[in-house]
Amino acid sequence: MSQLQPTVGDVEIVPLSVAAASGPSRRRLPGWLSLLLANPKSRVGLGLVGFMVIVALISPLISVSHPTDFNLLAARQAPSWHHLFGTTDQGSDIFSQVVLGARRSLILGAASALLATVLATVLGILAAYSGGIIDEVVNFLTNVFLVIPTIPLLIVISSYLKARGMTTMILVLGLTLWSFEARILRGQALSLKNRDFVQAAKVAGESTWRIVFGELMPNMISRIAAAFVLVFYVALLVDAGLEFLGLGDNTHVSWGMTLYWAQTNSAVLQGEWWPFFFPGLALVLTVVGLVFLLAGIDEVSNPRLRNLRRSK
Amino acid sequence: MHAADDVTFVLRPGTITALVGESGSGKSTVARLLARLYQPTAGQVLFDGVDVAGARRRRDLLRYRSQVQMIFQDPFGSLNPVKTIRHHLARPLRIHGRVERGGVEARVQELLETVGLVPAEKYAAKFPHELSGGQRQRVAIARALAVEPAVLVADEPTSMLDVSIRVGILNLMLDLKERERLAFLYVTHDLASARYVADTVLVMYAGQIVEQGAAEQVLQRPLHPYTQLLLASVPDPAVTERAPITARKGLAAAAVDPPPGCRFVERCPLRIPVCSERTPELVEASPGQSARCHVTAPSPARREDLHVEHVQ
Amino acid sequence: MISVVGEPEPVTRPARETLLELRGLSVAYGDVRAVDNIDLTISAGEILGLAGESGCGKTTVANAVMQILRPPAHIAGGSILFRGEDLTALSAEGLRKHRWRNVSMVFQSAMSALNPVMRVGNQFVDMMRAHERIDKRRALARTGELLEIVGIDPRRIRAYPHELSGGMRQRVIIAMALALRPELVIMDEPTTALDVVVQREILQQVSDLQAELGFAVLFITHDLSLLFEFAERIAIMYAGEIVEEAPGGRLHRNARHPYTLGLMRSFPPLTGPIVRMTGIPGSPPDLAAPPAGCRFHPRCPHCAAGDTELFALQTAVRPTLEEIAPGHQVACHLVERDG
């Protein structure tokens, strides 16, 4: 996960809300959204992710059949007008599986990202601001979670867990993926906390709690948003990977499960590419969308990158 | 580590006391000690005769902060970039309950007018990056005034500002001194500005006050060789002929674990043997002016010695 | 203490030949003109002071002369002639030779100009070997000499930058700027980060060295009072333009531009009577949308609607530099009218 490191300690941030407030556009879009839409990278990202979200929302309407309905007569059919993405070896409609799977995959990714981000934000900023023993403890915890290899840990946990429901997966992913974000946010908070506006707030008599969440955190919103997106796609990938290995919740439909069944039933050996291709494509498009969104957030909130772009 | 050592001075209402010295002299440490950003390791801070150095409870600290406020050097760092000017002024009002609920907005405008930012309602809605350096420093002053303090600590408030703006801030300090009967501690390295605003001057070197007295007296007839050196170094176009500087090259004595004797001895052109043996005391050598120098301000006992030597 | 004013140069070169000439130079950041059509001449062996507030374009001028403008900054017009050769037309290789050999620069922040993980001596050696064929032993020996002339113990050659004090680091930077014997040294706020005592020592040293070695100095600062002691000629910049230029002594006694006068009134005196000062009201303009006419008119005490004719000029026509006495140029409608 080396790509997660380079932003540590980078404080040249322009808070999105401020940059937007000073912008000339007075449209009815919220400031941060118009700012993201103005950047080509995040525009692509928002488009892709937005598309997936819409698909997930309307999936019950556009799915052709119940995704686990089986119809052996229609098994192993290549994509056609009737079955856009083809069918599985059981004859289930892959299109329905992919669109309904979008719902589960997105909720799972977003929920674990939310959990990890909240943990990382609270622990990271609090540790940086208070220093001393709190910082030591948080730092120790962060380091422990950083050195534990996430995927093997998840494999071990999932294989021991009886109930592999969605909530369990969210908890497991959220609780293991917070550490690198906490490290990034702590670094940023450390450099912010020595800025005079924090000292000034202290002199004005603000409480620690208010300084952390009222003064420091609003300055880190763009980085927190970036962290959220980052965990989002890592969680998506890890989840799909676990499911592909058969460690998922096999009572539900998801992209990973479709891939798992395709592999178990040796679809490729039979020359069937579609059970792999379509869920894989959905996964790739979502992750690419999130990566673009992340790059866009970075660019929008880092004036140096913005200038680089302009000068080109 | 003793960044400031045995520093004793008095601030009186309606006066400006300048604390001058080079970087590393400990003058900023003194400022931050007064603002209670650091805790003194020994000694007392008497406010209206009550020792407040030990106040740790939030209620006691708040009471202290409502009397002693601080203005920071860097107006670009001392305001929170994501908060409006209104927020910066309203927070101290709310924390210290200085006005009733409905009166906050009116008081914010009044404060902005006090520091010369009119029309106030226009400035209140702005973000810090929309203001110039001088305007931001005025906001910082207004914030400090919000709690109606008795003491204002100004840590190099003009050194980051453009030359043509500085005078405006200095004049504002003079006005506030007259109008609000504030006691200012003006920390600076700029002797000319100290002369312009201050009633009393304290000269700090390596963590100690080496000379203090009425501003005009200290700056026109300096006793301590360090003050003399400083004055000789300041570019002053009014002086056409300038004697070359006579100081020896040498490093300022470390404030950490200082050796016995005068801390300026290595650089002093006037030094005599006793200077490296005994630390000079702050001695009142002429009415209202004291210095820490065996040669130009010998202690009564020391004067006896010199006299004896002379007779022999 | 500084006696270079008007003195002839050492015999190596005929005195007062033009070394650097900026002709109608404009530098833009995107569409914003940070430097707008300025003319400036530096003769061999002279100290020219360039003063102005932050954002007035003085550092941009220095970067343009060094040809180290970084995008989006670019030269938007005019030429930079060094001994008659236009630097804006030089190839990358020509520029590499030009930099440091002809013109070197002392930056404000010595800490960022030195490589923190390299011994001082090696940094000199690298720099020298980038410009000429010299073996390491000789380069080190010359480094020792250079450090000695700026008053640093040559044994410090093995020190790392963090082992030196701020003043010593700045001396090292000056020694490095002098290493290839350039004819022009640009100093951009070289002493701003230093304490007054160290500042004075360094300035004294620079002027001694300058008298001895005969290089020219373009000294950039916000501190006009420093230039009155140090510079032979002073140019005042405001909002991307030069508004006044005169020999130092003359400017001190006879400054005419309201901005120059305002600047001079912004420094409280250290001696003499203390009078209430005014500074300059307002703040410098946004260069993305500079005021029409004279760029200083919104802050100018002499710009009032009462004097209709003058007011019309001040708010609509850009004043140009006019010579009002030998070597003294002012860009001001009021001065032009009243002489």
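Derivation of every value follows stated rules applied to the coordinates shown; laboratory data play no part. All values reported here derive from a predicted model rather than from experimental measurement. Positions of Cβ are generated from backbone atoms using ideal geometry, with glycine treated the same way; all protein chains shown enter the neighbour counts.
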* Restricting the stretch B:44-80 to trypsin sites (Lys or Arg not before Pro) in coil, as DSSP defines it, with at most 13 other Cβ within 10 Å -> B:R56, B:R57
* Asked: Which Cys residues of chain C have no other Cys beta carbon under 4.7 Å away?
  -> C:C56, C:C294, C:C332
* Structure fact -> Once both label points are put 7 Å beyond Cα along the C-beta direction, the A:I134-A:V284 separation in nm becomes 4.6
* Asked: Among C:Y29, A:Y160, which comes first, then next, by fewest other beta-carbon atoms within 10 Å?
  -> A:Y160, C:Y29
* Structure fact -> Net charge near C:S54 (other residues with Cβ under 13 Å of its Cβ; Lys, Arg +1; Asp, Glu -1) is -3
* For the protein assembly as shown, what does -39500 (n - 2.57) per DSSP helix run (n ≥ 4), summed and divided by total residues, give at 222 nm, in deg cm²/dmol to the nearest 500? -> -14000 deg cm²/dmol
* **Spin-label pair A:T167/B:L62, simplified geometry with 7 Å Cα→Cβ offset, distance in nm** => 4.0
* Rounded to whole Hz, the Karplus (6.51, -1.76, 1.60) HN-Hα couplings of the stretch B:29-46, x for glycine and proline -> 4, 4, 4, 6, 5, 4, 7, 6, 8, 10, 9, x, 7, 8, x, 10, 10, 9
* Structure fact -> Computed over chain B, the distribution of all Cα-Cα distances in 10 Å bins, rounded to whole %, is 6, 24, 31, 22, 11, 4, 1, 0
* Structure fact -> Expressed to one decimal in nm², the mean projection of the alpha carbon convex hull of the stretch C:257-338 is 7.1
* Over the stretch B:15-198, volume per residue of the alpha carbon convex hull, in Å³ -> 124
* **Local electrostatic count, B:P128, Cβ distance below 9 Å [Lys/Arg +1, Asp/Glu -1]** => +2
* **GluC sites (Glu not before Pro) restricted to the stretch B:24-116 and DSSP loop, no more than 13 other C-beta within 10 Å** => B:E100
* Using the 2.2 N^0.38 Å rule of thumb for compact globular proteins, work out how the stretch A:166-290 stacks up: its C-alpha Rg over that value, please. => 1.54
* To do: Round to the nearest 0.05 the FRET efficiency obtained for C:T320 and C:A130 when R0 = 41 Å and r is the Cβ-Cβ distance.
  => 0.45
* Taking the alpha carbon gyration tensor of the protein assembly as shown, what are the square roots of 5 times its eigenvalues, largest first, to the nearest whole Å? -> 59, 36, 30
* Please identify every one of the trypsin sites (Lys or Arg not before Pro) in the stretch C:106-213 that sits in a loop by DSSP and has no more than 13 other beta carbons within 10 Å of its own beta carbon. => C:R133
* Of B:E216, A:E299, how do they rank once you tally other Cβ atoms within 10 Å and put the fewest first? -> B:E216, A:E299
